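Okay, so here's the structure we're looking at.
The values are calculated or read from the model by the stated rules, or taken from the named source; none is laboratory data. Just so it is clear, the structure is predicted and the values come from calculations on it, not from any experiment. FYI the Cβ positions are ideal-geometry reconstructions off the backbone, even for glycines, and counts take in every protein chain you see. Remember, those area values only see protein heavy atoms, side chains included, never the ligands or the DNA or RNA. Shrake-Rupley method; radii C 1.70, N 1.55, O 1.52, S 1.80 Å.
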Amino acid sequence: MVLVLNLTGCATFENFKSTFIDKEEEPESTVRIGVFEPLSGKDKEMGEMEARGIELAHTMFPKALGKEVELVYGDNKSDMNVAESVAKELVDKRVSIVLGSYGSANSLAAVSTFEKAKLPAIAITNTNPLVTSYNPFYFRVCLLDSFQGVALAKYSVEALKASSAAIMRPENDDYAIAVSQTFSDKFIQMTGNANAVVVSCDYEADKKKQVTEDLKKIKESGAQVVFLPVKLEEAAEILKQAKKMGVTALFLGTDQWDSTKLMELAGKEAVQNVSFSTIFDPNTNTTIMSDNFKKAYKAKYGQDAVPESAAALGFDAYMIAVDSLNKAGTALNGEALRKVIANTREFPGASGTITFDMNGDPIKSVVVKKIVGGQAISAYTMEPDIVSMY
């Protein structure tokens, strides 16, 4: 399951370090990497979490091109209007690559600025497709929501042997519509049955009676799995209702469910038949770097500290930036750096093996967890077929 084994000469951490990180001294100016994050305002907590991963990677690997790497911080204050001016400041400070921002709106505000300056940027937890879709200089290390739909469909068919599914989603929710479509398409393709999705319900979130009626339809349909792409709080209420009504199908959610709060809100009994995809699983080592990242994280923040996915992704963004700088051999040529980043293939990050597609989005492994005995454990890992995606 570990794609990194395919990397020639990278069977150990020291080989990884010498292959991707250590390079000879280059006669260039000080290397600057921009940290474009909301370090104040409503998104401060998540901005700091992304920065925590960046800073940990910087501590472990402080050099690029044989020079010390300087982290240049740009606080966009959780405000997309401020984000645009902060993006221009980072350009003026001649950073080589930008990492961030938390909040897709903040990144979108900077898209045109970075593209015009030919300054490569790597988003960390952004899931909005627009961040990378129309800008060749913006990349991301976080999975698109749609990719999680594919992973959950494969898990349903390959691991659960399910042949029938139901979809239950909130009405007029663009996110739910998009991810449901990818789940449905993949499930139908894998089962070979055009009618494999036996029930599809669009409900109004504030109408409990309609939710009850939809759950009744699902129960009567005999669907083996139910895809429910909703936020954690809403999922908890529906799971409790499903338990009361005796719905026995396994409920599937995305990384929005990846929190101990799900059990707290829904209750232990209601989550016994639940699985969800996750962006980063601290209990699964998908690459050489996964284990080293977790050890370093615990060494710095305490042995009981559990790294959040945002920190792991921030770590990976920095690592790819340093690797790309070394491969490009320059800190000043944005176009050269962009091409190198775009050609990233099977990079062994803390969150999994990363390959960028033609849009700058990552093709990477997805872990699916299942709640068993009150604990979320790894139940399935989907490794992408990279060859078929090019």
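Observations on the structure shown:
- Heavy-atom accessible area, probed at 1.4 angstrom with all protein chains present, ranks Tyr297, Tyr102 as Tyr102, Tyr297, highest first.
- Counting only alpha carbon atoms, the long axis of helix 44-60 and the longest principal axis of the chain meet at about 50°.
- Of all DSSP bridge pairs formed entirely within the chain, close to 35 percent run antiparallel.
- Restricting the calculation to Cα atoms, segment 168-278 yields a radius of gyration followed by a Dmax of 13.2, 38 Å.
- For segment 73-121, the Kirkwood estimate of the hydrodynamic radius, built from every pair of different alpha carbons, is 10.3 Å.
- When the Cα convex hull of segment 159-231 is projected onto planes of every orientation, the mean area is 4.9 nm².
- Probe 1.4 Å, all protein chains present, accessible-area order of Tyr134, Tyr155, Tyr73, largest first: Tyr134, Tyr73, Tyr155
- Under Stokes-Einstein, with the Kirkwood radius over Cα pairs as Rh, the value for segment 69-202 at 25 °C and 0.890 mPa s is 145 µm²/s.
- Taking a sphere under 13 Å around the Cβ of Asn126 and counting the other residues whose Cβ falls inside, with K and R at +1 and D and E at -1, yields a net charge of -4.
- Only lysines eight or more places from Lys300 in sequence, or on another chain, were considered; those with a Cα closer than 23 Å are Lys17, Lys44, Lys63.
- Normalising by residue count, the chain has a Cα convex hull of 136 Å³ per residue.
- Sorting the segments 47-53, 176-182, 206-212 by their mean number of nearby beta carbons within 10 angstrom, highest to lowest, gives 47-53, 176-182, 206-212.
- If R0 is 22 Å, the Cβ-Cβ spacing of Ala299 and Glu68 corresponds to a FRET efficiency of close to 0.50.
- Sequence of Met60, Met319, Met80 when ordered by accessible area, the most exposed leading, probe 1.4 angstrom: Met80, Met60, Met319
- With the charge dipole of the chain set up from +1 on Lys and Arg Cβ and -1 on Asp and Glu Cβ about the Cα centre, the Cα lying farthest toward the positive end among the listed residues Ala328, Phe280, Met168 is that of Met168.
- q = 0.10, 0.19, 0.25, 0.27 Å⁻¹: log10 I(q)/I(0) that the Debye formula gives for segment 21-107, counting C-alpha atoms only: -0.26, -0.81, -1.16, -1.27
- For Tyr73, distant residues with modelled amide H under 5 Å away: Val35
- Relative intensity of segment 231-288 on a log10 scale, I(q)/I(0) at q = 0.24 Å⁻¹, equals -0.93, per a Debye sum over C-alpha point scatterers of equal strength in the absence of solvent.
- Heavy-atom accessible area for Lys240, with the other protein chains in place and a 1.4 Å probe, reaches approximately 70 Å².
- For the residue pairs Lys217/Lys369; Lys209/Lys268; Lys208/Lys370; Lys154/Lys339, the alpha carbons lie more than 29 Å apart in Lys154/Lys339.
- For the chain, the 222 nm mean residue ellipticity estimated from helices alone, with every DSSP H stretch of n ≥ 4 adding -39500 (n - 2.57) and the total spread over all residues, rounds to -13000 deg cm²/dmol.
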